C-alpha cells in the first residue's frame, strides 16, 4: 500500500488530472463505431438460451418436486454420496435385508411430490435415486 | 453509421415513431426478441461510454456492455417498473464495470512492477515522453479510481469521465442531486490527494 502511495505521488502525475479528465470526456463524447455490437449481443444471448434449453429437464424436475420433496431428495442424495465416499469397514456393517426402507421423511417427500414410492437397495442407492429422479422426465 | 447497423435498426423498429422504453420492455418480457434488440440499439452507445469511463478501453467497454445487456435480458422479469429500465440497465452496467475496473487495477499494478522497457519500446519516438507520461497517468487513474469507495468512484466517473449532468448522475445512483454533488467532490479530493496534486495536501490517506 505504502509503495503504491509513494509511486502515485510522483510530482507531475496528478497536476494533470483535470487535463486527463478533459481528454477522457472528449474521448467519451466521440466513441468509435461498434458495428458488431448487436451481433455480439445476439451471439451471447443465443449461447445462453441454448444452455438454458439443455438445462431445462432439470428445471422441470425441480418444479415438479415440492419444496419438501426436493429437500428430502437433495438430503438423501448428499447422504448417499457421502456414504459412498467414506466406505464403512465391512465388519462394522450390520447384516440387513437386501432391500432397506429409507427414512420416512425421504419417502414421504418423494411421495408428496408425486414422484414415486421407493424402497431402495443400499448397494445401488445412488443409481436408484437418480433413476427415480429421471423417470418422470422420460415417461411423462 | 454502417449500413448493416442501419438496416438492423430499421427492421427492428419498423415504424417512424420510436416506442417508449416501457412499451419495449413489456413486449420483450412477453417474449418479443426484437423488442429487446431495439433497447440494445437504443442504449448501446450510452452504455459503452459509461463503461469506458471505468475501464478506459473501448474494446473492453464493448465486451462489458454486451455482458450487461445479456444480464438485463436474463433478469428482465425482475424489473418491477418497466419505465425505470434506463437507470436499472445503467446500474447493471456500473456493477459489471466495477468488477472490470478491479481487474484492470490489478493488471495495472502488475504492469507497473513488471513491464518497463518493453512497453516503452512500442511507443513512437516522436513525443514518446508525453505518450509515456499520459499512459502512466491513465494507469494511475485506473488504479486510484479502484481504491475509491464505490459511491464516490461511480459519481466521479459519471461526472468527470462520462460527462453526465448531476441530475443524470442522481437518477442513475438513485440519490438526491446534492448527494451526487458531494460524492463527486469528495471523490475528486481523494484522487487529487493520492495522485499528489499540488495544493491538495499531497501524501495519500483516505
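None of the figures in this text is laboratory data; all of them are computed from the coordinates on show. The shown structure was predicted, so the numbers you read here are calculated from the model rather than taken from an experiment. FYI the Cβ positions are ideal-geometry reconstructions off the backbone, even for glycines, and counts take in every protein chain you see.
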I'd like the mean, over residues of A:22-30, of how many other protein chain beta carbons sit within 10 Å of each residue's own Cβ. 5
Using only atoms on other chains, find how many Cβ atoms lie within 10 Å of each Cβ of peptide B:55-66 and report the average. 3
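Based on other C-beta atoms within 10 Å, arrange B:99, B:21, A:53 from fewest to most. It would help to have the intermediate numbers written out before the result.
Values: B:99 12, B:21 19, A:53 9.
Lowest count first: A:53, B:99, B:21.
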Between residue B:185 and residue B:17, what length in nm is gained on full extension when 0.36 nm per residue of separation is reduced by their alpha carbon distance? 56.4 nm
Across the residues of B:92-102, average count of Cβ atoms on other protein chains within 10 Å? 0
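Could you line up B:98, B:78, B:185 from fewest to most neighbouring Cβ atoms inside 10 Å? Write down the numbers at each step before the final one.
On the way: B:98 17, B:78 8, B:185 14.
In increasing order of surrounding Cβ atoms, one gets B:78, B:185, B:98.
Tell me, B:75, B:86, B:49 in order of fewest to most beta-carbon neighbours within 10 Å?
Working: B:75 11, B:86 17, B:49 22.
With the sparsest Cβ surroundings first, the list reads B:75, B:86, B:49.
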Starting from the 7 Å offset along Cα-to-Cβ, what nm value, one decimal, do you get for the label separation of residue A:75 and residue B:57? 4.9
